[in-house]
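The values are calculated or read from the model by the stated rules, or taken from the named source; none is laboratory data. All values reported here derive from a predicted model rather than from experimental measurement. All Cβ positions, even for glycine, are placed from backbone atoms using ideal geometry, and neighbour counts span all protein chains on display. The protein model used for the area step is the full one, side chains on, heavy atoms only, and it has no ligands, DNA or RNA in it. Shrake-Rupley method; radii C 1.70, N 1.55, O 1.52, S 1.80 Å.
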Amino acid sequence: LAGAKVLLLDKRDHIGGNCYDYLDPDAGVLVNKYGAHLFHTELAHVYEYITSLHPWERYDHQVLARVDGRLVPVPVNINTVNTLLNLTIKTTEEMDAWLKMTQQQPTHGGAPQNSKEMALSRVGPQLYSKIFEPYTYKQWAKDPSELAPSVTARIPVRNNYDNRYFSDRFQALPQGGYTRFFESLLAHPNITTIINVDFFQVREHLPRRAKIFYTGPVDTYFSNAGLGKLEYRSIRFVREIYYNHGFFQPVSVVNYPQNEKDCGFADCSFTRIVEYKHYYGQKSPHTVTFREYSSDEGEPYYPVPSARNVKLYEQFKALAEKEKGVYFVGRLANYKYFNMDQAIDNALTIFEQTLCDIMPASGACRALQAGEHPAKWATKPVRFGTGEGAQPASTPAAGGGIVGAGVDKAMETAWRSPSDD
(Lines give C-alpha, C1' and ligand atoms only; values in the text may rest on other atoms or scores of the structure.)
Protein backbone atom coordinates (compact mmCIF):
# COMPACT_ATOMS: atom_id res chain seq x y z
CA LEU A 1 0.00 0.00 0.00
CA ALA A 2 3.08 2.21 -0.09
CA GLY A 3 1.99 4.08 3.06
CA ALA A 4 -1.22 5.45 1.56
CA LYS A 5 -4.52 5.32 3.40
CA VAL A 6 -7.34 3.49 1.69
CA LEU A 7 -11.08 3.81 2.19
CA LEU A 8 -13.12 1.06 0.52
CA LEU A 9 -16.83 1.71 0.06
CA ASP A 10 -19.28 -1.09 -0.78
CA LYS A 11 -23.02 -0.65 -1.23
CA ARG A 12 -23.65 -4.28 -0.26
CA ASP A 13 -23.70 -5.67 3.27
CA HIS A 14 -20.54 -7.71 2.82
CA ILE A 15 -17.04 -7.57 1.35
CA GLY A 16 -15.76 -9.48 -1.67
CA GLY A 17 -18.10 -8.25 -4.40
CA ASN A 18 -19.42 -11.03 -6.64
CA CYS A 19 -16.83 -13.45 -5.23
CA TYR A 20 -18.41 -13.38 -1.76
CA ASP A 21 -19.06 -16.83 -0.31
CA TYR A 22 -20.70 -18.09 2.88
CA LEU A 23 -21.68 -21.30 4.65
CA ASP A 24 -25.13 -22.49 3.56
CA PRO A 25 -27.09 -22.85 6.83
CA ASP A 26 -28.97 -26.01 5.80
CA ALA A 27 -26.39 -27.99 3.84
CA GLY A 28 -23.34 -26.86 5.82
CA VAL A 29 -21.54 -26.26 2.51
CA LEU A 30 -19.50 -23.21 1.44
CA VAL A 31 -21.31 -21.57 -1.49
CA ASN A 32 -20.91 -18.44 -3.62
CA LYS A 33 -23.77 -15.97 -3.43
CA TYR A 34 -23.31 -14.70 -6.99
CA GLY A 35 -22.29 -17.79 -8.95
CA ALA A 36 -19.19 -19.95 -9.14
CA HIS A 37 -15.80 -18.24 -9.44
CA LEU A 38 -12.78 -20.23 -10.60
CA PHE A 39 -9.36 -18.60 -10.75
CA HIS A 40 -7.14 -19.57 -13.68
CA THR A 41 -4.32 -17.73 -15.41
CA GLU A 42 -1.13 -17.85 -17.44
CA LEU A 43 -0.02 -14.57 -15.83
CA ALA A 44 2.66 -15.56 -13.31
CA HIS A 45 2.79 -12.11 -11.69
CA VAL A 46 -0.96 -12.22 -10.98
CA TYR A 47 -0.67 -15.66 -9.40
CA GLU A 48 2.35 -14.54 -7.34
CA TYR A 49 0.41 -11.51 -6.16
CA ILE A 50 -2.69 -13.34 -4.90
CA THR A 51 -0.68 -16.14 -3.28
CA SER A 52 1.44 -13.58 -1.43
CA LEU A 53 -1.72 -12.36 0.29
CA HIS A 54 -3.36 -15.67 1.19
CA PRO A 55 -2.78 -19.42 0.69
CA TRP A 56 -4.44 -20.95 -2.39
CA GLU A 57 -4.87 -24.60 -3.33
CA ARG A 58 -4.79 -26.27 -6.73
CA TYR A 59 -8.16 -26.97 -8.29
CA ASP A 60 -8.75 -28.22 -11.85
CA HIS A 61 -12.29 -27.36 -12.87
CA GLN A 62 -14.43 -29.74 -14.92
CA VAL A 63 -17.75 -28.96 -16.57
CA LEU A 64 -20.28 -31.21 -18.27
CA ALA A 65 -23.07 -30.18 -20.63
CA ARG A 66 -26.35 -31.97 -21.10
CA VAL A 67 -26.77 -32.22 -24.88
CA ASP A 68 -29.33 -34.44 -26.58
CA GLY A 69 -30.02 -36.01 -23.19
CA ARG A 70 -26.38 -37.01 -22.63
CA LEU A 71 -23.65 -35.52 -20.44
CA VAL A 72 -20.55 -34.55 -22.42
CA PRO A 73 -17.39 -32.61 -21.52
CA VAL A 74 -17.08 -28.92 -22.31
CA PRO A 75 -15.06 -27.35 -23.81
CA VAL A 76 -15.47 -29.50 -26.90
CA ASN A 77 -12.83 -32.25 -27.12
CA ILE A 78 -12.50 -35.70 -28.70
CA ASN A 79 -14.83 -37.25 -26.11
CA THR A 80 -17.50 -34.63 -26.83
CA VAL A 81 -17.39 -35.10 -30.60
CA ASN A 82 -17.36 -38.89 -30.46
CA THR A 83 -20.32 -39.01 -28.05
CA LEU A 84 -22.56 -36.49 -29.81
CA LEU A 85 -21.78 -37.37 -33.42
CA ASN A 86 -21.14 -41.11 -33.06
CA LEU A 87 -17.59 -40.83 -34.38
CA THR A 88 -14.48 -42.82 -33.48
CA ILE A 89 -11.76 -40.16 -33.47
CA LYS A 90 -8.72 -41.49 -31.60
CA THR A 91 -5.79 -39.09 -32.07
CA THR A 92 -5.12 -35.36 -32.12
CA GLU A 93 -4.26 -35.67 -35.81
CA GLU A 94 -7.66 -37.19 -36.54
CA MET A 95 -9.37 -34.49 -34.47
CA ASP A 96 -7.48 -31.75 -36.32
CA ALA A 97 -8.51 -33.27 -39.64
CA TRP A 98 -12.16 -33.48 -38.56
CA LEU A 99 -12.19 -29.87 -37.34
CA LYS A 100 -10.61 -28.67 -40.59
CA MET A 101 -13.25 -30.55 -42.57
CA THR A 102 -16.24 -29.23 -40.59
CA GLN A 103 -15.17 -25.65 -39.88
CA GLN A 104 -16.94 -22.97 -41.92
CA GLN A 105 -15.04 -19.77 -42.58
CA PRO A 106 -16.97 -16.51 -43.17
CA THR A 107 -18.25 -16.15 -46.73
CA HIS A 108 -16.92 -12.59 -46.90
CA GLY A 109 -13.38 -13.95 -46.73
CA GLY A 110 -12.29 -11.93 -43.71
CA ALA A 111 -12.02 -12.58 -39.99
CA PRO A 112 -15.23 -13.50 -38.11
CA GLN A 113 -17.34 -10.41 -37.50
CA ASN A 114 -19.73 -11.83 -34.91
CA SER A 115 -20.17 -14.75 -32.52
CA LYS A 116 -21.99 -16.90 -35.07
CA GLU A 117 -19.19 -16.61 -37.61
CA MET A 118 -16.61 -17.21 -34.88
CA ALA A 119 -18.29 -20.39 -33.62
CA LEU A 120 -18.85 -21.80 -37.11
CA SER A 121 -15.20 -21.12 -37.97
CA ARG A 122 -14.12 -23.17 -34.95
CA VAL A 123 -16.55 -26.09 -34.61
CA GLY A 124 -18.69 -26.16 -37.76
CA PRO A 125 -22.51 -26.32 -38.11
CA GLN A 126 -23.30 -29.52 -36.17
CA LEU A 127 -21.80 -28.53 -32.83
CA TYR A 128 -22.82 -24.92 -33.39
CA SER A 129 -26.50 -25.88 -33.63
CA LYS A 130 -26.32 -28.35 -30.72
CA ILE A 131 -24.33 -26.27 -28.22
CA PHE A 132 -23.14 -22.80 -29.21
CA GLU A 133 -26.28 -21.34 -30.77
CA PRO A 134 -28.86 -22.31 -28.10
CA TYR A 135 -26.54 -21.63 -25.16
CA THR A 136 -25.58 -18.19 -26.49
CA TYR A 137 -29.25 -17.25 -26.82
CA LYS A 138 -30.02 -18.51 -23.31
CA GLN A 139 -27.11 -16.54 -21.87
CA TRP A 140 -27.49 -13.27 -23.79
CA ALA A 141 -31.10 -13.28 -25.14
CA LYS A 142 -29.60 -12.42 -28.53
CA ASP A 143 -28.79 -14.40 -31.63
CA PRO A 144 -25.03 -15.07 -31.88
CA SER A 145 -24.97 -12.98 -35.07
CA GLU A 146 -25.81 -9.92 -32.93
CA LEU A 147 -22.83 -10.34 -30.58
CA ALA A 148 -19.15 -9.57 -30.97
CA PRO A 149 -16.92 -12.53 -31.94
CA SER A 150 -15.21 -12.35 -28.53
CA VAL A 151 -18.21 -14.07 -26.87
CA THR A 152 -17.73 -17.46 -28.54
CA ALA A 153 -13.99 -16.95 -28.98
CA ARG A 154 -13.66 -17.26 -25.18
CA ILE A 155 -14.71 -20.92 -25.34
CA PRO A 156 -11.75 -23.18 -26.21
CA VAL A 157 -11.93 -26.14 -28.59
CA ARG A 158 -9.58 -29.02 -27.83
CA ASN A 159 -8.00 -31.58 -30.16
CA ASN A 160 -7.29 -34.05 -27.32
CA TYR A 161 -8.99 -35.84 -24.42
CA ASP A 162 -8.40 -33.11 -21.80
CA ASN A 163 -11.69 -32.85 -19.87
CA ARG A 164 -10.62 -29.86 -17.78
CA TYR A 165 -12.51 -26.63 -18.38
CA PHE A 166 -9.30 -24.57 -18.30
CA SER A 167 -5.83 -25.46 -19.54
CA ASP A 168 -4.01 -22.58 -17.83
CA ARG A 169 -0.81 -23.26 -15.89
CA PHE A 170 -2.20 -21.75 -12.68
CA GLN A 171 -5.62 -22.89 -11.44
CA ALA A 172 -6.62 -22.52 -7.81
CA LEU A 173 -9.17 -21.72 -5.13
CA PRO A 174 -8.38 -19.64 -2.01
CA GLN A 175 -8.11 -21.75 1.11
CA GLY A 176 -11.20 -21.23 3.25
CA GLY A 177 -13.03 -19.45 0.42
CA TYR A 178 -13.04 -16.08 -1.27
CA THR A 179 -14.39 -14.17 1.71
CA ARG A 180 -11.39 -15.33 3.75
CA PHE A 181 -9.12 -14.21 0.92
CA PHE A 182 -10.64 -10.73 0.95
CA GLU A 183 -10.32 -10.59 4.73
CA SER A 184 -6.59 -11.20 4.29
CA LEU A 185 -6.43 -8.61 1.53
CA LEU A 186 -8.10 -5.95 3.66
CA ALA A 187 -6.35 -6.77 6.95
CA HIS A 188 -4.04 -3.77 6.99
CA PRO A 189 -4.01 -0.84 9.42
CA ASN A 190 -4.17 1.65 6.54
CA ILE A 191 -7.36 0.16 5.06
CA THR A 192 -10.85 0.97 6.32
CA THR A 193 -13.84 -0.72 4.70
CA ILE A 194 -17.37 0.64 4.98
CA ILE A 195 -20.26 -1.55 3.86
CA ASN A 196 -23.91 -0.61 3.25
CA VAL A 197 -22.96 2.73 1.75
CA ASP A 198 -23.52 4.15 -1.74
CA PHE A 199 -20.47 5.94 -3.13
CA PHE A 200 -22.60 8.55 -4.88
CA GLN A 201 -24.38 9.47 -1.65
CA VAL A 202 -21.16 10.19 0.24
CA ARG A 203 -18.84 11.34 -2.52
CA GLU A 204 -19.19 14.99 -1.55
CA HIS A 205 -17.72 14.16 1.86
CA LEU A 206 -14.47 12.82 0.40
CA PRO A 207 -11.40 15.09 0.51
CA ARG A 208 -10.60 16.79 -2.77
CA ARG A 209 -7.10 15.32 -2.68
CA ALA A 210 -8.46 11.77 -2.64
CA LYS A 211 -7.78 9.58 -5.67
CA ILE A 212 -10.87 7.57 -6.57
CA PHE A 213 -10.76 4.06 -8.04
CA TYR A 214 -14.26 3.36 -9.30
CA THR A 215 -15.39 -0.24 -10.02
CA GLY A 216 -19.11 0.22 -10.68
CA PRO A 217 -20.94 0.52 -14.01
CA VAL A 218 -19.43 3.32 -16.08
CA ASP A 219 -22.85 4.47 -17.33
CA THR A 220 -24.03 4.84 -13.73
CA TYR A 221 -21.08 7.11 -13.00
CA PHE A 222 -21.98 9.31 -15.97
CA SER A 223 -25.76 8.96 -15.61
CA ASN A 224 -26.22 12.72 -15.99
CA ALA A 225 -24.39 12.86 -19.32
CA GLY A 226 -27.54 12.09 -21.31
CA LEU A 227 -25.96 9.26 -23.29
CA GLY A 228 -28.40 6.54 -22.26
CA LYS A 229 -27.72 3.19 -20.60
CA LEU A 230 -25.47 0.32 -21.52
CA GLU A 231 -26.89 -3.21 -21.51
CA TYR A 232 -25.89 -5.79 -18.90
CA ARG A 233 -26.97 -9.35 -18.25
CA SER A 234 -27.73 -10.46 -14.73
CA ILE A 235 -28.44 -13.84 -13.11
CA ARG A 236 -31.40 -15.11 -11.13
CA PHE A 237 -30.51 -17.94 -8.75
CA VAL A 238 -32.91 -20.68 -7.69
CA ARG A 239 -31.70 -22.65 -4.68
CA GLU A 240 -32.60 -26.30 -4.01
CA ILE A 241 -31.64 -28.15 -0.82
CA TYR A 242 -31.33 -31.94 -0.86
CA TYR A 243 -31.16 -33.63 2.55
CA ASN A 244 -29.31 -36.94 2.95
CA HIS A 245 -28.63 -36.99 -0.75
CA GLY A 246 -24.87 -37.25 -1.25
CA PHE A 247 -24.16 -35.47 -4.55
CA PHE A 248 -26.81 -34.19 -6.96
CA GLN A 249 -24.60 -34.29 -10.09
CA PRO A 250 -21.22 -35.79 -11.06
CA VAL A 251 -19.30 -32.47 -11.24
CA SER A 252 -19.70 -29.01 -9.76
CA VAL A 253 -21.15 -27.43 -12.91
CA VAL A 254 -23.48 -28.94 -15.49
CA ASN A 255 -24.51 -26.67 -18.39
CA TYR A 256 -27.89 -26.96 -20.08
CA PRO A 257 -27.35 -25.33 -23.47
CA GLN A 258 -30.45 -26.65 -25.22
CA ASN A 259 -34.08 -25.65 -24.82
CA GLU A 260 -35.19 -28.92 -23.27
CA LYS A 261 -38.74 -29.90 -22.45
CA ASP A 262 -37.80 -32.49 -19.84
CA CYS A 263 -34.96 -31.15 -17.68
CA GLY A 264 -36.47 -32.27 -14.37
CA PHE A 265 -37.78 -28.81 -13.45
CA ALA A 266 -40.84 -26.78 -14.40
CA ASP A 267 -38.78 -24.03 -16.05
CA CYS A 268 -35.94 -25.35 -18.25
CA SER A 269 -34.62 -21.96 -19.40
CA PHE A 270 -31.72 -22.02 -16.93
CA THR A 271 -28.15 -22.07 -18.28
CA ARG A 272 -26.52 -24.29 -15.67
CA ILE A 273 -26.72 -25.97 -12.27
CA VAL A 274 -23.90 -25.42 -9.75
CA GLU A 275 -23.28 -27.79 -6.84
CA TYR A 276 -20.67 -26.21 -4.54
CA LYS A 277 -20.14 -29.31 -2.43
CA HIS A 278 -17.65 -30.49 -5.09
CA TYR A 279 -15.26 -27.63 -4.22
CA TYR A 280 -12.69 -28.06 -1.45
CA GLY A 281 -13.62 -31.72 -0.96
CA GLN A 282 -16.43 -30.67 1.35
CA LYS A 283 -18.12 -33.34 3.47
CA SER A 284 -21.81 -33.17 4.34
CA PRO A 285 -24.71 -35.64 4.28
CA HIS A 286 -26.71 -32.93 2.49
CA THR A 287 -26.14 -30.88 -0.64
CA VAL A 288 -27.42 -27.67 -2.18
CA THR A 289 -27.65 -26.60 -5.82
CA PHE A 290 -28.29 -23.33 -7.60
CA ARG A 291 -29.95 -23.09 -11.00
CA GLU A 292 -28.87 -19.99 -12.91
CA TYR A 293 -31.27 -18.08 -15.15
CA SER A 294 -29.84 -15.25 -17.24
CA SER A 295 -31.88 -12.07 -17.05
CA ASP A 296 -31.96 -8.42 -18.07
CA GLU A 297 -33.14 -7.53 -14.56
CA GLY A 298 -30.98 -7.42 -11.42
CA GLU A 299 -27.39 -6.68 -10.52
CA PRO A 300 -25.16 -6.10 -13.59
CA TYR A 301 -22.87 -9.09 -14.22
CA TYR A 302 -21.92 -9.22 -17.87
CA PRO A 303 -21.45 -6.38 -20.37
CA VAL A 304 -23.38 -7.21 -23.56
CA PRO A 305 -20.92 -6.79 -26.48
CA SER A 306 -23.37 -5.79 -29.21
CA ALA A 307 -22.49 -3.20 -31.86
CA ARG A 308 -24.77 -0.66 -30.19
CA ASN A 309 -23.17 -1.10 -26.76
CA VAL A 310 -19.60 -1.07 -28.07
CA LYS A 311 -20.28 2.23 -29.83
CA LEU A 312 -21.99 3.74 -26.80
CA TYR A 313 -19.21 2.65 -24.45
CA GLU A 314 -16.67 4.57 -26.55
CA GLN A 315 -18.55 7.76 -25.61
CA PHE A 316 -18.44 6.86 -21.91
CA LYS A 317 -14.75 5.97 -22.25
CA ALA A 318 -14.03 9.43 -23.66
CA LEU A 319 -15.72 10.99 -20.62
CA ALA A 320 -13.80 8.71 -18.26
CA GLU A 321 -10.47 9.72 -19.76
CA LYS A 322 -11.25 13.36 -18.98
CA GLU A 323 -12.32 12.72 -15.38
CA LYS A 324 -9.54 14.10 -13.17
CA GLY A 325 -8.45 12.04 -10.18
CA VAL A 326 -10.77 9.12 -10.99
CA TYR A 327 -9.59 5.74 -12.30
CA PHE A 328 -12.03 3.26 -13.80
CA VAL A 329 -11.13 -0.31 -12.80
CA GLY A 330 -12.58 -3.74 -13.53
CA ARG A 331 -15.30 -5.34 -15.63
CA LEU A 332 -18.18 -2.91 -15.13
CA ALA A 333 -16.14 0.28 -15.18
CA ASN A 334 -14.35 -0.76 -18.39
CA TYR A 335 -17.38 -2.50 -19.92
CA LYS A 336 -15.22 -5.54 -20.69
CA TYR A 337 -15.84 -9.21 -20.02
CA PHE A 338 -12.71 -9.62 -17.86
CA ASN A 339 -11.86 -13.00 -16.39
CA MET A 340 -10.77 -12.85 -12.76
CA ASP A 341 -7.05 -12.79 -13.59
CA GLN A 342 -7.61 -10.04 -16.17
CA ALA A 343 -9.48 -7.95 -13.61
CA ILE A 344 -6.61 -8.34 -11.12
CA ASP A 345 -4.05 -7.53 -13.81
CA ASN A 346 -6.09 -4.46 -14.76
CA ALA A 347 -5.99 -3.28 -11.13
CA LEU A 348 -2.25 -3.92 -10.81
CA THR A 349 -1.58 -2.09 -14.07
CA ILE A 350 -3.56 0.96 -12.98
CA PHE A 351 -1.81 0.88 -9.61
CA GLU A 352 1.52 0.83 -11.40
CA GLN A 353 0.49 3.73 -13.62
CA THR A 354 -0.78 5.91 -10.78
CA LEU A 355 1.46 5.08 -7.82
CA CYS A 356 4.14 7.63 -8.56
CA ASP A 357 1.53 10.31 -9.21
CA ILE A 358 0.01 9.66 -5.78
CA MET A 359 3.22 9.10 -3.78
CA PRO A 360 6.23 10.20 -5.85
CA ALA A 361 8.67 10.12 -2.90
CA SER A 362 7.75 6.64 -1.65
CA GLY A 363 10.05 3.65 -1.64
CA ALA A 364 7.44 1.74 -3.63
CA CYS A 365 7.58 4.35 -6.39
CA ARG A 366 11.37 4.11 -6.49
CA ALA A 367 11.14 0.31 -6.66
CA LEU A 368 8.65 0.57 -9.49
CA GLN A 369 10.88 2.97 -11.38
CA ALA A 370 13.70 0.45 -10.93
CA GLY A 371 11.65 -2.14 -12.78
CA GLU A 372 10.00 -4.13 -9.98
CA HIS A 373 6.41 -5.28 -10.52
CA PRO A 374 3.80 -4.31 -7.86
CA ALA A 375 3.27 -8.00 -7.08
CA LYS A 376 6.83 -8.19 -5.73
CA TRP A 377 5.94 -6.09 -2.72
CA ALA A 378 2.35 -7.13 -2.11
CA THR A 379 0.77 -6.75 1.31
CA LYS A 380 1.57 -9.72 3.54
CA PRO A 381 -1.43 -11.62 4.90
CA VAL A 382 -2.77 -11.19 8.39
CA ARG A 383 -4.29 -14.44 9.69
CA PHE A 384 -7.75 -14.51 11.20
CA GLY A 385 -8.60 -16.79 14.07
CA THR A 386 -8.29 -16.97 17.82
CA GLY A 387 -4.53 -16.88 18.18
CA GLU A 388 -2.24 -14.02 19.07
CA GLY A 389 -2.70 -11.01 16.82
CA ALA A 390 -5.99 -12.25 15.38
CA GLN A 391 -8.32 -9.53 14.17
CA PRO A 392 -12.01 -10.28 13.45
CA ALA A 393 -12.99 -8.95 10.04
CA SER A 394 -16.25 -7.50 11.38
CA THR A 395 -14.65 -5.43 14.14
CA PRO A 396 -13.22 -1.96 13.44
CA ALA A 397 -9.53 -1.73 14.27
CA ALA A 398 -7.43 1.30 15.02
CA GLY A 399 -6.68 2.89 11.67
CA GLY A 400 -8.59 0.24 9.75
CA GLY A 401 -11.24 -2.47 9.77
CA ILE A 402 -14.76 -3.07 8.50
CA VAL A 403 -17.68 -1.01 9.69
CA GLY A 404 -21.34 -0.96 8.77
CA ALA A 405 -22.48 2.17 10.60
CA GLY A 406 -21.08 5.52 11.68
CA VAL A 407 -20.09 6.32 8.13
CA ASP A 408 -19.11 9.95 8.64
CA LYS A 409 -16.85 9.18 11.61
CA ALA A 410 -15.30 6.20 9.86
CA MET A 411 -14.58 8.25 6.74
CA GLU A 412 -13.02 10.96 8.86
CA THR A 413 -10.80 8.42 10.63
CA ALA A 414 -9.81 6.67 7.42
CA TRP A 415 -8.57 9.86 5.75
CA ARG A 416 -6.93 11.49 8.77
CA SER A 417 -3.15 11.59 8.40
CA PRO A 418 -0.71 11.60 11.36
CA SER A 419 -0.16 15.31 10.87
CA ASP A 420 -3.91 15.92 11.27
CA ASP A 421 -3.69 14.52 14.80
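Estimated at the nearest 10 Å², the accessible area of M359 is 50 Å² with a 1.4 Å probe. Over all Cα atoms in segment 65-183, the spread is summed up by Rg and Dmax: 16.3, 52 Å.
Here the Karplus curve 6.51 cos²θ - 1.76 cosθ + 1.60, taken at θ = phi - 60°, turns the phi angles of segment 68-79 into couplings of 6, x, 10, 8, 10, x, 10, x, 4, 9, 4, 4 Hz, with x standing for Gly and Pro. Only Cα sites of segment 3-44 enter the Debye sum here, all with the same form factor; the resulting log10 I(q)/I(0) across q = 0.18 1/Å is -0.74, listed in q order. Dividing the Cα radius of gyration of segment 1-141 by 2.2 N^0.38 Å, with N the residue count, gives 1.47.
The residues of the chain expose, per residue, 49 Å² of accessible area to a 1.4 Å probe. Axis of helix 44-53 versus longest Cα principal axis of the chain: the two differ by about 50°, to the nearest ten degrees.
Under the rule of -39500 (n - 2.57) per DSSP H run of 4 or more residues, summed and divided by the residues of the chain, what mean residue ellipticity at 222 nm is obtained, to the nearest 500 deg cm²/dmol? Mind showing how you got there, number by number?
On the way: 14 runs with 127 residues, N = 421.
Taken over the chain, the calculation gives -8500 deg cm²/dmol.
Taken over the chain, the convex hull of the Cα atoms encloses 176 Å³ per residue. A straight Cα-to-Cα reach below 21 Å connects K211 with the lysines K5, K11, K317, K322, K324, K409, residues fewer than 8 places away in its own chain not being considered. Rounded to the nearest 10 degrees, the inclination of helix 340-358 to the longest alpha-carbon principal axis of the chain is 30 degrees. Unpaired Cys in the chain, meaning no second Cys C-beta under 4.7 Å: C19.
Bridging of K142 to lysines at a Cα separation below 22 Å is possible for K116, K130, K229, K261, K311, K336, once same-chain residues fewer than 8 apart are set aside. In segment 45-128, which chymotrypsin sites (Phe, Trp or Tyr not before Pro) are in a loop and have at most 14 other Cβ atoms within 10 Å, using DSSP for the loop call? When the chymotrypsin sites (Phe, Trp or Tyr not before Pro) of segment 45-128 are filtered for loop state and at most 14 Cβ neighbours within 10 Å, nothing remains.
Where does each of L120, L8, L147 land when they are ordered by accessible area, with a 1.4 Å probe and the largest first? Provide the component values of the computation, followed by the final result.
On the way: L120 25, L8 60, L147 5 Å².
Descending accessible area places them as L8, L120, L147.
Between the Cα long axis of helix 92-102 and the first principal axis of the chain there is an angle of about 80°, rounded to the nearest 10. Only protein atoms count toward the accessible area here, which uses a 1.4 Å probe; on segment 162-295, the carbon and sulfur part of that area reaches 48 percent. For the set D267, D168, D24, solvent exposure ranked by accessible area (probe 1.4 Å, protein chains only) runs largest to smallest as D267, D168, D24.
Within 10 Å, count the other beta carbons around each residue, average over each peptide in 225-231, 111-117, 350-356, and list them highest first.
Answer by packing, highest mean first, reads 111-117, 350-356, 225-231.
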